[in-house]
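Here the structure is laid out as C-alpha cells; the discussion comes afterwards.
Read-outs throughout are calculated quantities, based only on the coordinates presented, and are distinct from any laboratory measurement. Because the structure is predicted, anything quoted here is derived from the model rather than measured. Cβ: placed from backbone, ideal geometry, glycine included. Neighbour counts: every protein chain shown.
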Ligand SMILES: [Ca+2]
Ligand SMILES: [Ca+2]
C-alpha cells in the first residue's frame, strides 16, 4: 500500500467521524471555553466536533493526544503508517504529542 497524503488524511477523518458515533465524553470547561485560531474558517458546530474528538482521544486528560491514545481510540483500526502520517501532519512542533491547537489546525484543513 503506497497511498499517502491527502487520501490518507481523508480516510483518517472518516475514521474519526465513525468513531464519533459512540457516547460522548463531556468536554471540560477549559477546553469548551478555549478560543482557537484556525487556518481556514470553520463553523461553531465544526469547532465543537473538533473539541469533542480531542477530549474523546485524550484519555489521560493532560490536554495532549499521544500516539498510544490515538491508537487506543481507533481500537486497532489504524495502521502504523496512518498513525505516523497523522502525527507528521498534525504535530507541528514535533513534541510527540498533538495539542488541541495542533489538532484544530489539522482538522480545519480537512474541510
Ligand atoms: Ca493525553
Ligand atoms: Ca505538538
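Could you list 99, 79, 90 so that the one with the fewest beta carbons within 10 Å of its beta carbon is first and the one with the most is last?
Final ranking by Cβ density, sparse to dense: 79, 99, 90.
By counting other Cβ atoms within 10 Å of each Cβ, how are 70, 104, 42, 81 ranked from fewest to most?
Going from sparsest to densest Cβ surroundings: 81, 42, 70, 104.
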